[in-house]
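Written below as structure tokens is the structure these notes are about.
The values are calculated or read from the model by the stated rules, or taken from the named source; none is laboratory data. Computed from a predicted structure; not experimentally measured. Note that we place each Cβ from the backbone using ideal geometry, even for glycine, and neighbour counts take in every protein chain shown. Just the protein is used for accessible areas: all its heavy atoms, side chains included, with ligands, DNA and RNA removed. Shrake-Rupley method; radii C 1.70, N 1.55, O 1.52, S 1.80 Å.
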Amino acid sequence: MNRSDERRERLRYVLVATLSPLAILALWAFAAARGWTSPIILPPPSAIWASFLDMAANGYSGVSLWTHVAASLARVSVAYVAGAALGVGLGLLRGRSRLIDAVLLAPAELLRPIPPLGLIPLFILWFGVGETSKVLLIFLSVLLIMMVNAQAGVRASSLDSLRAAQSMGANRWQVFRFVVLPSALPQIMTGLRVAMGTALTILVASELLGGDRGLGFLILDASSFFRTTYVFAGVAVIGLIGLATDRGLAWAGRRIVHWEGRR
Amino acid sequence: MTAAARPLPSHEPPDALLQAKADGAPPVLKFEKVGFSYDGRTIMRDVSFAVAPGDILALLGPSGCGKTTILNMVAGFLRPTAGVAVVDGREITGPGPDRGVVFQAAALFDWMTVAENIAFSLRCAGARKGERRAVAEEMAALVGLTGFEDAYPYQLSGGMRQRVGLARVLAAKPKVMLMDEPFSALDVQTRESLQEEVLRIRDRTGCTILFVTHAIDEAAFLGDRIFLLNDLKAGAYDTFDVDLPTPRASPDNRLHPSFLRLRETIYRRMRH
């Protein structure tokens, strides 16, 4: 395959990836226009778009749409960055030290199968319904996902590359820094994408807890007043944030882990 | 020296072999009654030999004969369970840059450029960036990789990857270079040109080489001395001295009567 073939291939991918959601939208608009769906249950895309424009111009519940978006993004990014940093750190330590792995095994693996949403009542009891509960809930789920991925990544380094490093004079730290860590990066990057999806899910759920800011709040509030178009608009904004962050992480991953799949 | 087989008694290698060379240079690598067993199974017993500085010792034998075990003990990846393995007068206790390894699958660091791979040992030793770059360029030139310093390993062919593997070992200026079937996955042309490259590098650097292979041709073309490992569990191996004209890297040596004779001798010996 030559360079222009590759470019054509890539163009076709982007084209299909763009056309597929547009086709779904068209089908949806068609169904709504034919009156096959109730506007309360499934309003037409045009009405949702109008609600979005309304929110963008006039805000929602006395607060600008961008304030809602910013409130959600602030929660999720603080929790995500902190959870990922600690999770990767602990996962790498577990992968490198059997002692630390033994210490963390039971607590981590007992916590992991519990759906984070099942912890909401406890978190409310411990931390109230404010910011702390929301952020900690996201933080915890990101941490657990990243710990598993980082630990699995440590095992990805080949025996030969570890031996090669040792036989070129690398000490324990240098083996870790120059071989184990880079070998773990592909798995860590994949984990970061999975964790972002989960973080956004937990974000919306945690915002259902209460408060008067955030996209989750907006969706819950709109639905209790049967303003379905606003619910859809809110959901769409979250979806777009998810899509954008995932594409961004995938793009960053291809650049950081440029050697992956090319051996 | 002749290309005749000289089967040795199993347990008492003659002094001549332990002294390695007639001119009396002390051996750079020496095994004294080395044994290795794992899980109660004996892999080898009472293996003794010595390698003189600048020599290429080829360890020849089928898979599972224990040749890689010997290499791994020299590298320090495995500890002998009996006897002592000595490099440059010091017992081997672990891996170190004085014994670099060229692996069969290159085992390059895909996240580093060619230059970074080559200068890895210097980076571990704390050398500055400028020095690392200079050595990387020098070694790249030595193995014929000039112009590829900033490429990544996955952008290179198999033969070029092995050249990087060679260069990064040479950059550490090892006492012994250990090569574990490094060319067995390459096509014939690439393999032969790399074999010649190894001989040229040895002539230029004076590096001692332990070369593990299962190919008779490779052992006979490259080695100064060949050990045919028959039965290491009993400490038995045959020694062959290679007698070919210098420069050894000349491809004509592949058709030299002495080469052909040695190849036949070893072949018959392997088949008994």
Handout entry: Peptide-level mean, for A:168-176, of C-beta atoms on other protein chains within 10 Å
Key = 5
Exercise for the section: Could you pull out every residue, at least 5 positions away or on a different chain, whose amide H is within less than 5 Å of the one on B:Val28? Hs are placed 1.01 Å off N in the peptide plane, and Pro or chain starts have none. Expected result: B:Val51, B:Ala52
Fill in the blank from the handout: In the neighbourhood of A:Val204 defined by beta carbon distances under 11 Å, the net charge of the other residues (Lys, Arg +1; Asp, Glu -1) is +1
Practice task
For helix B:257-271, report the angle its Cα long axis makes with the longest principal axis of the Cα atoms of chain B; keep it between 0 and 90° and round to the nearest 10°.
Solution key: 60
Exercise for the section: Mind checking the range A:6-39 for chymotrypsin sites (Phe, Trp or Tyr not before Pro) that DSSP puts in a loop (not H, G, I, E or B) and that have at most 12 other Cβ atoms within 10 Å? Expected result: A:Trp36
Handout entry: Tilt relative to chain A, helix A:215-224 - C-alpha long axis, 0 to 90 degrees, to 10
Key = 30
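Once you list every other residue whose beta carbon is under 12 Å from the beta carbon of B:Gly76, what net charge do they have if Lys and Arg are +1 and Asp and Glu are -1?
Taking every Cβ under 12 Å from that of B:Gly76, the sum is +2.
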Problem - Fluctuation leader among A:Ile40, A:Ile188, A:Ile48 - chain A, Gaussian network, Cα springs under 10 angstrom - result: A:Ile40
Fill in the blank from the handout: Under a Gaussian network model of chain A whose springs join Cα atoms within less than 10 Å, the largest fluctuation of A:Leu144, A:Leu42, A:Leu208 belongs to A:Leu42
Practice task
Report the normalised scattering of the range B:113-179 as log10 I(q)/I(0) at q = 0.15 Å⁻¹, calculated by the Debye formula with identical scatterers on the alpha carbons.
Solution key: -0.39
Completion exercise
Scalar couplings 3J(HN,Hα) for the range A:227-236 by Karplus 6.51 cos²θ - 1.76 cosθ + 1.60 (θ = phi - 60°), nearest whole Hz, x for Gly and Pro, are 8, 4, 4, 6, 4, 4, 4, x, 4, 4
Problem - Cleavage-rule hits, chymotrypsin sites (Phe, Trp or Tyr not before Pro), the range A:172-262, DSSP coil, Cβ neighbours within 10 Å at most 15 - result: A:Phe225, A:Phe226
Handout entry: Sequence-distant residues sharing a close amide H with B:Ala127 (under 5 Å, placed H)
Key = none
Exercise for the section: Using label points projected 7 Å from each Cα along Cα→Cβ, tell me how many nm separate B:Arg261 and A:Ala31, to one decimal. Expected result: 8.8
Practice task
Would you calculate a helix-derived [θ] at 222 nm for the protein assembly as shown, using -39,500 (n - 2.57) for each DSSP H run of n ≥ 4 and dividing by the full residue count, to the nearest 500?
Solution key: -18000 deg cm²/dmol
Exercise for the section: Give, as a single signed number, the net charge of other residues whose beta carbon lies under 15 Å from the beta carbon of A:Ala79, with Lys and Arg counted +1 and Asp and Glu -1. Expected result: 0
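Show me the three semi-axes of the equivalent ellipsoid for chain A, from the C-alpha gyration tensor (sqrt of 5 times each eigenvalue), largest first, rounded to whole Å.
After scaling each eigenvalue by five and taking roots: 40, 27, 13 Å.
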Practice task
Quick one: what are the phi-derived ³J(HN,Hα) couplings along the range B:87-94, Karplus 6.51/-1.76/1.60 with θ = phi - 60°, whole Hz, x for glycine and proline?
Solution key: 10, 6, x, 10, 5, 7, 10, x
Problem - Surface accessible to a 1.4 Å probe, per residue, for the residues of the range B:218-258, Å² - result: 33
Handout entry: chain B: equivalent-ellipsoid semi-axes (sqrt of 5 x gyration tensor eigenvalues, Cα, Å)
Key = 30, 22, 17
Fill in the blank from the handout: In the range A:47-256 the accessible area split gives carbon plus sulfur, as whole percent at 1.4 Å, a share of 71
Problem - Evaluated at q = 0.13 Å⁻¹: base-10 log I(q)/I(0), Debye formula over Cα of the protein assembly as shown - result: -1.22
Completion exercise
Eigenvalues of the alpha-carbon gyration tensor of the range B:28-168, times 5 and square-rooted, give semi-axes in Å, largest first, of 32, 17, 13
Practice task
Give the cross-link partners of B:Lys33 among the lysines, using a straight C-alpha distance below 30 Å as the criterion and excluding same-chain residues fewer than 8 apart.
Solution key: B:Lys21, B:Lys67, B:Lys173, B:Lys175, B:Lys233
Completion exercise
By the C-alpha gyration tensor axes a ≥ b ≥ c (rounded if a/c is under 1.5, else prolate when a/b exceeds b/c, else oblate), the shape of the range A:21-81 is prolate
Practice task
Determine how many Å³ per residue the convex hull of the Cα atoms of the range A:26-134 encloses.
Solution key: 189
Problem - Normalised contact order of chain A, rounded percent, pairs of Cα under 8 Å and 6 or more residues apart - result: 22
Problem - Dipole of the range A:42-140, positive direction: furthest Cα of A:Val69, A:Leu122, A:Leu92, with charges on the beta-carbon - result: A:Leu92
Exercise for the section: Taking a probe of 1.4 Å and counting only protein heavy atoms, give the total accessible area buried between chains B and A in Å², rounded to the nearest 100. Expected result: 2000
Exercise for the section: Can you tell me the order of B:32-42, B:260-270, B:176-186, B:99-109 when each peptide is scored by its average per-residue count of other Cβ atoms within 10 angstrom, highest first? Expected result: B:99-109, B:176-186, B:260-270, B:32-42
